[in-house]
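The values are calculated or read from the model by the stated rules, or taken from the named source; none is laboratory data. All values reported here derive from a predicted model rather than from experimental measurement. Methodologically, a virtual Cβ is constructed for each residue, glycine included, from the backbone with ideal geometry; neighbour enumeration extends over all protein chains shown.
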Amino acid sequence: MANLSPNYVDIKNPSMGVNPHHLKNFYNQITKNQAMLYGYQFILTFIGPELELFFQNNVNDMEKNLTYHAQSAKLPAFKINKAKIPFYGNDFRTPTVVQFDHEWDTEILVDQNMRIYEAARAWLRSYSDLKYSGGGKRVIPNVQVRINILDTFHQNFTTSYVLERCLAFIC
Amino acid sequence: MVIYHLIYKALGVNENLTYYIKSASIPKSEIKSANVAFLAAGFVVPGIISYPDEWTVDVLLDQDLTMYRRLKMWHEEISSYRLDGGGKKVIPHVTANVNLLDNTMQNIVRRYVMEGCWIQELGNVDFKYEEGASTVQKCSCKFAMQYFYEVQGEQDPLQARLS
């Protein structure tokens, strides 16, 4: 039973009774050395042939450019499922397989001509349209969404998270 | 005033996490009951203790996502799409300690030790364009754990009971 507590030795650490963490350490550790991340430090990039077809993704035409119209983003959660292993009256929890959220949403600004909105609707209808009695393209498209995290100067990406094979969002 | 700090060991993440984690909780303990019927009356007798299997904290995010990346590395070591969901499927030797301080904030008066922690979920991070936003980004991090116990002074109650 003692083996269930492999870090038992640490508990016997003689320094246990003293708090080793103070404001000075916090100041040096985070606030002095690291710039923190704020909710506006991101840029979304949409890449894929289907997007070019529907949105004509052109940086010179801001009205058509999804990057400028998307106003929010969410870095999806990463989950690992767990399995219970009973032993006597207790359960132990072991990790199993990773699981991703398969949905992702963003808010899109709408212009008065609703060009972005209509383009998104057209993309949506390409998968299933009442004109075809619900028929349409039944493939996973080659579309990427990249969530680029910016540094505090808003000049460089520190990290980019790529969401692969995105299907049209719901309007 | 109750203050806590956390120490755990995995992939070189230990003391650093103490400064990045901004909230924690002491899990509940529950003893399951069993019903025993006798004549027309019912009696409730204690059964076996049960521990919550999850424990969640909030992690501060810096612009380089230092801690987020390390936690994600740990996550991928357990199960990764690159390995078709495979990875280390063991209960790791990781403990999380919630230390309660006295009002001088110098001495640890009580420690709660959570045994066999592994990262189960790294939560969403929500981004939004906001004028004058001044809130530092956080993300929740859920750990699976096996059981926990309280240590007071330098005595480990689990070991004391066994001896």
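Could you say whether any residue in the stretch B:103-111 is free of Cβ contacts under 8 Å to residues at least 60 places away in the same chain and surrounded by 20 or more Cβ atoms within 10 Å (Cβ to Cβ)? Yes, the stretch B:103-111 contains at least one residue that is free of Cβ contacts under 8 Å to residues at least 60 places away in the same chain and surrounded by 20 or more Cβ atoms within 10 Å (Cβ to Cβ).
Please verify whether the stretch B:111-130 includes one or more residues that are hydrophobic (A, V, I, L, M, F, W, C) and modelled with pLDDT under 85.
If we filter the stretch B:111-130 for residues that are hydrophobic (A, V, I, L, M, F, W, C), which is where we start, we get B:113-114, B:117-119, B:122, B:125, B:127.
Still in the running and modelled with pLDDT under 85: none.
Scanning the stretch B:111-130, I find no residue that is hydrophobic (A, V, I, L, M, F, W, C) and modelled with pLDDT under 85, so the answer is no.
Taking strands (runs of 3 or more DSSP E) that do not extend beyond the stretch A:59-171, which have at least 1 residues that are of a type in the set (K, R)?
On the way: elements: A:72-75, A:78-87, A:90-100, A:144-150, A:157-163.
So the answer is A:72-75, A:78-87, A:90-100, A:144-150.
Of the strands (runs of 3 or more DSSP E) lying entirely inside the stretch B:7-96, the ones with 1 or more residues being among the polar types (S, T, N, Q) and at pLDDT below 90 are found at B:21-23, B:41-50.
In the stretch A:86-113, the qualifying residues are those that are in contact with a Ser or Thr (Cβ under 9 Å, 6 or more places away or on another chain) and not β-branched (V, I, T), and the one that is surrounded by the most Cβ atoms within 10 Å (Cβ to Cβ) is A:P95.
Among the residues of the stretch B:104-119, what is the count of those that are at the interface with another protein chain (Cβ under 8 Å from one of its Cβ atoms), within 10 Å of the chain's Cα centre (by Cα), at negative phi and not aromatic (F, W, Y)? Quick ask: steps written out before the conclusion?
The first filter runs over the stretch B:104-119 and keeps only residues at the interface with another protein chain (Cβ under 8 Å from one of its Cβ atoms), leaving B:105-108, B:111, B:113, B:115-116, B:118-119.
Restricting the remaining residues to those that are within 10 Å of the chain's Cα centre (by Cα) gives B:113, B:115-116, B:118-119.
Narrowing the set further to residues that are at negative phi leaves B:113, B:115, B:118-119.
Subset that is not aromatic (F, W, Y): B:113, B:115, B:119.
Here the count works out to 3.
Pairs are defined by a Cβ separation below 6 Å, a sequence spacing of at least 6 or placement on different chains, a first member in the stretch B:15-40 that is within 11 Å of chain A (Cβ to nearest Cβ), and a second member that is loosely packed, with under 10 Cβ neighbours inside 10 Å and not aliphatic (A, V, I, L, M); the pairs so defined are B:I31/B:P46.
A residue that is more than 8 Å from every other protein chain (Cβ to nearest Cβ), closer than 30 Å to A:Y38 by Cβ and modelled with pLDDT of 85 or more occurs nowhere in the stretch A:74-93.
Scanning the stretch B:77-90 for residues that are surrounded by fewer than 19 Cβ atoms within 10 Å (Cβ to Cβ) and farther than 30 Å from A:Q41 by Cα, we see that the one that is nearest to the other protein chains (Cβ to nearest Cβ) is B:G85.
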